[in-house]
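Report on the following structure.
The values are calculated or read from the model by the stated rules, or taken from the named source; none is laboratory data. As the structure is a computational prediction, the values presented were derived from the model and not from experiment. Cβ: placed from backbone, ideal geometry, glycine included. Neighbour counts: every protein chain shown. The area values use the complete protein model at the heavy-atom level, side chains included, leaving out ligands, DNA and RNA. Shrake-Rupley method; radii C 1.70, N 1.55, O 1.52, S 1.80 Å.
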Amino acid sequence: MSTYSFMDVSASLTGVTGNIDLGYGSANSEEGITVTMTENKNTMTVGADGEVMHSLHAGKSGTISVRYLKTSPKNKQLSLAYNAQSQSSATWGNNIIVIRNHASGDITTARSVAFQKQPDHVNAKDGGTVEWVFDCGKIDEVLGTF
């Protein structure tokens with residue numbers, strides 16, 4: 001039987017403001033990191049006679065969501081990068097995110113990455129989590145094996 005562990009996941013955001021480690025050891029919340037594609041790769045059209053046509057879409061865009069405990073030092077690092085990059089269109093949307101699972105060989109590479117927004121800032125009874133969402137122009141993903 002195979003075993004999955006977030007301990008095997010490394011991730012990084014690299015851009016004009018430097019390199020920020022996003023993976024295991026960064027005080028990630030239980031929800032971890034999620035990669036979501038924007039659109040389906042295919043549209044199937046059914047003709048009047050029942051024949052089908054598949055349309056392959058070229059789009060590879062999507063979002064990557066990274067969640068941290070409120071007390072994670074990554075929140076400050078990401079906040080400083082967000083503020084610095086948002087000062088100019090020359091520094092905006094030029095990041096790369098790479099996510100790896102070293103046990104299975106999964107690898108995700110996202111290019112043309114921009115912060116979607118400053119995350120919601122909640123001060124409540126419990127510390128909770130902070131979710132950073134990145135818009136990604138192109139995401140390439142290869143899943144490995146356990």
Which value, in debye to the nearest 20, gives the size of the charge dipole of the chain about its Cα centre, when Lys and Arg are +1 and Asp and Glu are -1 at the Cβ?
540 debye
For Rg and Dmax of the Cα atoms in Å, with candidates (i) 17.3, 52; (ii) 14.3, 47; (iii) 18.0, 61, the value calculated from the shown model is option (iii)
Solvent-accessible area of K117 with every protein chain in place, 1.4 Å probe, in Å² to the nearest 10
100 Å²
Would you mind checking which residues have amide H under 5 Å from T38's amide H? H placed 1.01 Å from N; only 5 or more apart, or other chain.
S61, G62, T63
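Is it possible to state the helix-based mean residue ellipticity at 222 nm for the chain, with each DSSP H run of 4+ residues giving -39500 (n - 2.57), the sum divided by total residues, to the nearest 500 deg cm²/dmol? What is it? Don't jump to the answer; show the numbers that get you there.
Details: 1 runs with 12 residues, N = 146.
When only DSSP H runs of four or more count, the value is -2500 deg cm²/dmol.
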Among S89, S12, S104: highest mean-square fluctuation, GNM of the chain, C-alpha pairs under 10 Å
S89
Under a 10 Å cutoff between Cα atoms, tell me which one of A114, A103, A11 has the largest fluctuation in the Gaussian network model of the chain.
A103
Residue with peak Gaussian network fluctuation, the chain [Cα springs, cutoff 10 Å], from T108, T43, T71
T43
Principal-axis tilt of helix 74-85 within the chain, Cα atoms, nearest 10 degrees
70 degrees
